[in-house]
1. Is it the case that some residue within region B:113-124 is more than 29 Å from A:Ala114 (Cβ to Cβ), more than 7 Å from chain A (Cβ to nearest Cβ), touching a His at 6+ places or on another chain (Cβ under 9 Å) and surrounded by 15 or more Cβ atoms within 10 Å (Cβ to Cβ)?
2. Residues that are away from chain B (no Cβ under 14 Å): which helices (runs of 4 or more DSSP H) entirely in region C:68-164 hold 3 or more of them?
3. Are there strands (runs of 3 or more DSSP E) fully within region C:250-295 with at least 1 residues that are of a type in the set (Lys, Arg)? List them.
4. Specify the residue that is nearest to C:Val8 (Cα to Cα); the eligible residues are those in region C:136-180 that are surrounded by fewer than 21 Cβ atoms within 10 Å (Cβ to Cβ) and small (Gly, Ala, Ser).
5. Scan region A:284-301 residue by residue and report those that are crowded, with 21+ Cβ neighbours inside 10 Å and either over 13 Å from A:Tyr103 (Cα atoms) or facing another protein chain (nearest Cβ under 8 Å) (or both).
6. Would you mention how many residues in region B:98-107 are within 8 Å of another protein chain (Cβ to nearest Cβ) and closer than 21 Å to A:Leu305 by Cα?
7. Return yes when C:Val81 is touching a strand residue (DSSP E or B) at 6+ places or on another chain (Cβ under 9 Å), hydrophobic (A, V, I, L, M, F, W, C) and more than 30 Å from C:Gln177 (Cα to Cα) and no when it is not.
Amino acid sequence: MGSGQHDPAAFLSQPCEHTRQVSAPAKKATDPQLWLRRALRMPYLWLLLFFLAPFLIILKISVAEPMIAQPPFSALLVWGAHGLQGIRATFENYSFLFRDGYYGIIVLSSLKMAAIGTVLCLLLGYPMAYFIARQPPRRRQMLLLAVILPFWISFLLRVYAWIGLLDNHGIINHALMSMGIIHKPLAMLYNDFAVYLGIVYSYLPFMILPLYSTLERLNVDLLDAAADLGARRWRAFVDVTLPLSMPGILGGCLLVFIPAVGEFTIPALLGGADTLMIGRVMWDEFFVSRDWPVASAVSVVLLLLLIAPILWFQHLQNREHEAGS
Amino acid sequence: MRRRSIFLISVACFGYALLYMPIVSVVVYSFNASRLVTLWGGFSTRWYVSLLSDDKLLAAAFLSLRIAVVSATLATALGAIVALALHRVRRIPGRILLSGMITAPLVMPEIITGLSLLFLFISMASLIGWPASRGALTITIAHVTFSMAYVVVVVRSRLAVMDESLEEAAMDLGGRPLAVFFDVTVPMLLPALLSGWLLAFTLSLDDLVISSFVSGPGATTLPMLIFAKVKLGVTPDINAITTIIIGLVIVAVTTAGLVTNRRKAASA
Amino acid sequence: MNEATPMVQIRGLSKHFDGVVAVNNVSLDIQRGELFAILGSSGCGKTTLLRMLAGFERPSSGQILIDGVDMTEAPPYERPVNLMFQSYALFPHMSVEGNVGYGLRKEGLPAAQIRERVAEMLALVKLDNLAARKPDKLSGGQQQRVALARALVKRPKLLLLDEPLAALDRKLREHTQFELANLQYQLGTTFVVVTHDQDEAMVLASRIAVMAEGRIAQVGTPAEVYEYPANRHVASFVGNINLIDGVVTDAGAGRATLRCEALNASLSVVCEDAPAAGAALCIAVRPEKITISRAAPEGQDRNVVKGVVRDLGYFGDQSLYRVRLSSGTVLQVSAQNLRRSASLTIEWDDEVYLSWEVASTIPLRS
């Protein structure tokens with residue numbers, strides 16, 4: 001291998017010059033992850049302080065009594081001259097939520113609206129994802145990008161854009177009336193319809209992406225096999241494609257449902273005065289009536305409601321990971 | 001089969017129309033000389049010009065940008081460390097707690113995040129006197145906290161497909177751990193770090209709910225200002241802002257696309 | 001250190017992963033300037049052994065001395081050892097030159113010296129015209145040479161090669177195999193090659209360690225391992241072989257006679273300390289040691305059995321036969337096609353005699 005001017009023998013005869021001479025016994029190995037473990041302290045502390053601690057504070061305030069003070073709630077721990085004297089906790093805020101009925105209605109209404117929005121999103125997203133997954137690879141990429149692209153444009157502004165379309169004096173009503181299809185503007189804004197539309201529109205990418213990834217992986221041969229075994233197209237879809245895309249359906253639905261329950265912006269901009277969604281009510285509870293303990297108790301209840309779907313989603317993700325590796 | 005593909009094509013067309021109709025209408029009407037949506041008063045750039053003289057709006061935009069840059073940078077640094085540690089370090093004290101704290105913000109309703117952080121800041125202020133007032137600092141802290149979670153997701157998915165023998169090779173050739181990190185790990189993670197940063201930047205720039213809770217008097221971000229305005233209906237200058245943001249996004253996406261394409265072409 | 005000290009001394013090395021034993025009490029000396037191969041199937045612990053030599057895994061017990069110095073606990077970056085990775089692990093963001101120079105830069109050598117040594121090394125592996133290329137613009141063979149150059153440029157006392165040829169296609173592999181052996185001979189660096197490919201080990205190595213289930217089954221030259229396998233495992237892992245079980249009927253004077261029910265015949269074997277009569281003994285015969293003929297074979301001191309050709313494969317240079325004996329056992333036989341002829345002398349279903357020298361019969365300890 002060596003050429004004339006690069007004599008391997010000469011290469012050999014040069015002294016071995018490892019900078020770290022090995023004549024001395026080598027030191028004990030330094031842990032290569034030591035610096036990483038040290039560096040981890042910072043984000044760890046950050047999360048403990050700015051994520052876990054606030055959460056515990058919410059729990060604490062939710063069992064305090066509202067007071068006209070700064071901050072406007074009673075202390076959990078009662079300190080006296082000789083240290084801790086007692087714990088003052090009340091479940092009054094929670095029992096208020098259940099007695100009152102108002103909050104129960106709002107929670108149910110939020111769940112219902114999020115669920116309907118999710119189903120609508122699925123009904124539109126599934127055919128779209130199916131359509132994209134069946135395109136040639138290059139076009140697939142383009143179509144997917146077109147689904148994701150709006151995500152990068154401000155959510156608030158995209159929701160806002162619907163106001164101009166749906167308004168009584170908006171573009172759609174104007175167009176329909178000038179075509180003579182309707183004579184009176186359709187009430188499309190500031191009602192539940194607008195909120196559903198907003199949810200479908202805003203969360204469509206979250207529905208399409210997981211659906212697409214399961215549908216894309218789905219083996220076309222399976223459909224051919226089903227067809228070969230005599231299944232009609234529709235039956236093949238119901239018997240093969242639909243069950244196999246179940247993980248994508250569940251993943252997409254949870255990805256839409258979970259944030260939709262606590263959604264604030266969509267009901268605040270597009271909803272009517274009678275649109276009851278918990279995010280909006282909490283905003284008002286806090287900014288308008290300034291009842292911190294009740295707002296905290298509502299938060300805790302909302303979180304408890306969301307824990308089941310969140311854990312389910314995590315479970316799905318983990319299974320996906322295991323299948324992938 | 002024929003009928004079904006017609007069904008699919010029409011649904012897809014409807015879906016894409018739904019996604020793009022509002023955006024297109026805002027862009028078109030941002031050039032409308034008339035204040036009314038229904039009336040086309042001719043082409044005009046007057047709303048853009050009036051933006052430039054709106055001091056409040058410019059200040060809010062500048063504040064939002066500043067917060068977004070700082071919080072995205074911090075979130076990327078902290079998030080990358082968490083992702084690396086979760087991927088590499090076998091024994092982390094409270095591993096479940098850590099991975100819980102890093103995934104929870106992804107699914108936590110914004111309104112709760114905002115409320116709880118506000119309570120924290122108030123409690124801290126009354127306990128240790130810091131933060132003395134709420135504003136850009138508290139908003140930045142809040143944004144770092146939730147966008148870190150997104151960075152971790154992006155970086156972890158990159159780490160999962162990274163060839164670990166590259167780092168071993170660098171160590172084998174005499175690189176000490178920290179040198180290996182900067183010589184190999186960081187360049188390999190760069191695409192993920194960049195997209196994580198962009199994601200954090202966008203989330204911060206876009207955030208309304210959390211900012212509204214943790215902000216104080218005097219600190220109004222762009223989304224807070226926009227929200228206050230659009231609650232009352234369509235305003236042409238917001239159309240103009242939207243159009244500018246859409247333009248910026250298109251430029252950014254195209255550049256990113258070109259860069260990846262060139263890289264792909266180079267590696268082909 | 002004096003020249004007689006082995007370059008690598010491995011003493012009682014073990015590695016457990018969560019209770020699973022990957023490497024089990026391995027002791028091994030590798031001499032200076034050797035091209036040593038560690039051969040074994042996947043999961044036999046050879047990669048773990050290599051990674052402990054490189055410093056990526058910490059041994060559970062035992063000791064590694066390199067050039068007489070205890071390196072058991074030293075991290076990879078403090079060992080005079082370099083590794084050529086199976087995947088090559090070339091840094092995709094650095095040019096060929098950058099890759100090869102990386103190790104020298106970490107040593108803190110002056111830039112001029114780095115340039116010089118990189119150029120020298122690239123010339124040695126004939127890549128001097130590709131110095132500015134990025135790794136992904138190179139062919140598989142070129143990448144392999146970059147990886148080799150990058151590991152060698154630091155002048156390690158020991159170069160470890162993890163399946164160095166596995167990623168190359170067959171033609172290139174044969175060529176590269178000789179180049180690699182040649183380069184090692186020229187440089188005189190100690191090479192340790194880990195491979196699952198017995199041909200690779202045989203052609204490259206001066207000595208081979210065959211590993212199985214975390215232990216070293218045999219160490220020897222390629223010829224020793226092939227002709228004198230220490231046990232059943234080595235015999236069947238290296239090359240093709242016919243294994244036959246028998247019972248000793250007569251032993252003495254360095255020979256044993258045994259009755260093999262599987263062949264329905266009595267065979268003789270040269271055996272130093274043959275077990276006493278009545279003991280079980282396994283013997284082995286390589287297919288190429290067996291002569292196949294239609295006429296009864298002549299000559300002394302041969303084991304002879306009779307059978308029918310059930311299968312034959314014509315490979316041009318040689319033919320492979322599978323011959324079924326009356327007992328039902330099938331023996332593999334290979335024969336060089338020494339004469340040019342379009343028709344085969346032995347065909348399907350021919351009755352044939354198989355014979356081999358008693359001295360070619362391998363006794364195996366169980």
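1. Step one: of region B:113-124, the residues more than 29 Å from A:Ala114 (Cβ to Cβ) are B:121-124.
Those left that are additionally more than 7 Å from chain A (Cβ to nearest Cβ): B:121, B:124.
This time we only want the ones that are touching a His at 6+ places or on another chain (Cβ under 9 Å), so: none.
The answer is no, given that none of the residues of region B:113-124 is more than 29 Å from A:Ala114 (Cβ to Cβ), more than 7 Å from chain A (Cβ to nearest Cβ), touching a His at 6+ places or on another chain (Cβ under 9 Å) and surrounded by 15 or more Cβ atoms within 10 Å (Cβ to Cβ).
2. On the way: elements: C:96-107, C:111-124, C:140-152.
Once the helices (runs of 4 or more DSSP H) in region C:68-164 are filtered for at least 3 residues that are away from chain B (no Cβ under 14 Å), what remains is C:111-124, C:140-152.
3. On the way: elements: C:255-260, C:265-270, C:280-285, C:291-293.
Strands (runs of 3 or more DSSP E) meeting the threshold: C:255-260.
4. Per the criteria, the residue is C:Ala166.
5. Result: A:Phe286, A:Trp292, A:Pro293, A:Ala295, A:Ser296, A:Ser299.
6. So the answer is 6.
7. Values: touching a strand residue (DSSP E or B) at 6+ places or on another chain (Cβ under 9 Å): yes; hydrophobic (A, V, I, L, M, F, W, C): yes; more than 30 Å from C:Gln177 (Cα to Cα): no.
Against the criterion (touching a strand residue (DSSP E or B) at 6+ places or on another chain (Cβ under 9 Å), hydrophobic (A, V, I, L, M, F, W, C) and more than 30 Å from C:Gln177 (Cα to Cα)), C:Val81 does not qualify.
Here is a yes/no grid of residues against (1) touching a residue at least 60 places away in the same chain (Cβ under 8 Å); (2) within 26 Å of the chain's Cα centre (by Cα); (3) outside the structural domain of C:Leu165 (by TED's automatic domain parsing):
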| position | (1), (2), (3) |
| --- | --- |
| C:Leu49 | yes, yes, no |
| C:Glu57 | no, yes, no |
| C:Ala74 | no, no, no |
| C:Asn82 | yes, yes, no |
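The values are calculated or read from the model by the stated rules, or taken from the named source; none is laboratory data. Not measured: the values here are computed from a predicted model. Virtual Cβ from ideal backbone geometry, glycine too; neighbours counted across all protein chains shown.
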